[in-house]
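The values are calculated or read from the model by the stated rules, or taken from the named source; none is laboratory data. No experiment lies behind these values; they were computed from the predicted model shown. Here Cβ is always computed from backbone atoms with ideal geometry, including for glycine, and neighbour counts include all displayed protein chains.
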Amino acid sequence: MKSLKWIILGFCFIQQVHAQDLNARVQILSPKIQSANKRVLDVLQTTISDFLNGRKWSTDELKPQERIDCTWIITITDWDGSSPNFKAEAQLLSSRPVYNTAYNSTLLNITDKEFDFYYAEGQAVEFTEQNYTGNLSSLLAFYANVVIGLDYDSFSKLGGTPYFVKAQNIINNAQNAAYKGWKGFESLRNRYWLIENLNNKSFLPIREGYYTYHRLGLDELAENPSSGRNAVLNLLPKLQEADRLKQGAMLTQLFFTAKADELVNTLLGAIPSDKVKAYQLLIQLDPANASKYETLKK
């Protein structure tokens, strides 16, 4: 699938070069932490980066140019400077290139406010798919699989399924963990519900929508703007049908958090009647970004 991805994108490489799956940029922030011992945070940043970028997450052999771009911004909210216990929040963004352009389209933009973990300086971050070995490794592995799954979904219809299954296994293994975010009863917007939505057959139209939106929509815009734009327009009613079954579900919000601005820019070139129809659908699907869609009425 990943080889097909780069045929689609028009790249041709003669020599096979082995590489890992993620091109992860990791940043540790600590604006509220007064401790002078922030060297630990530098070590932590390197450790997380090495864990994400040095591990083979998929079964495909990727060239360096094929690695999935993602940014991990981890903000330490509570730490006394010596304890191995960290309270943190994380913002995670991932993107994929669009055919025949220099533009990268955001696939994921999510914030996890319960990104707490235990880390002692110099500690190896260990992970196995069979067992829960610690919260930090489980958090990183969970979101790494979500990032890869969404990327694969955007290039091949439901192509990310194996990675969402892996993320579900991480959820299952973490049910007895002392940390929050892994259990369904704790919140309606957490890791449990994110992967529940991604594996729930009721949301298949949204999962398939990632493929339609990117491969049939954005990737067509440069060479056939009308065809690409129509694919996006025709997708919106299907997303509405799925949303009616599970109104306000996390996966629907995930899609529009990443796509609101891009949708406006994509649809601005549509004929006036289509823009009005799109506006009417979008304000129902994504009321949080209704002000952004106002442009489509003009």
For the condition in a helix (DSSP H, G or I), surrounded by fewer than 19 Cβ atoms within 10 Å (Cβ to Cβ) and not small (G, A, S), what is the one hit in K277, K259? K277
Entirely in segment 142-213, the helices (runs of 4 or more DSSP H) that have 2 or more residues that are in contact with a Gly (Cβ under 7 Å, 6 or more places away or on another chain) and β-branched (V, I, T): none
Determine the pairs where a residue that is in the same structural domain as F164 (by TED's automatic domain parsing), located within segment 39-68, has a partner that is of a type in the set (D, E) and in a helix (DSSP H, G or I) with Cβ atoms under 7 Å apart, the partner being 6 or more residues away or on another chain. I68/D151
Of the residues that make up segment 86-104, is at least one surrounded by fewer than 16 Cβ atoms within 10 Å (Cβ to Cβ) and hydrophobic (A, V, I, L, M, F, W, C)? yes
Quick check on my filter: what residues within segment 213-248 are surrounded by fewer than 21 Cβ atoms within 10 Å (Cβ to Cβ), closer than 23 Å to N104 by Cα and acidic (D, E)? E223
Within segment 19-34, which residues are surrounded by 15 or more Cβ atoms within 10 Å (Cβ to Cβ) and of a type outside the set (A, V, I, L, M)? Q20, D21, N23, S30
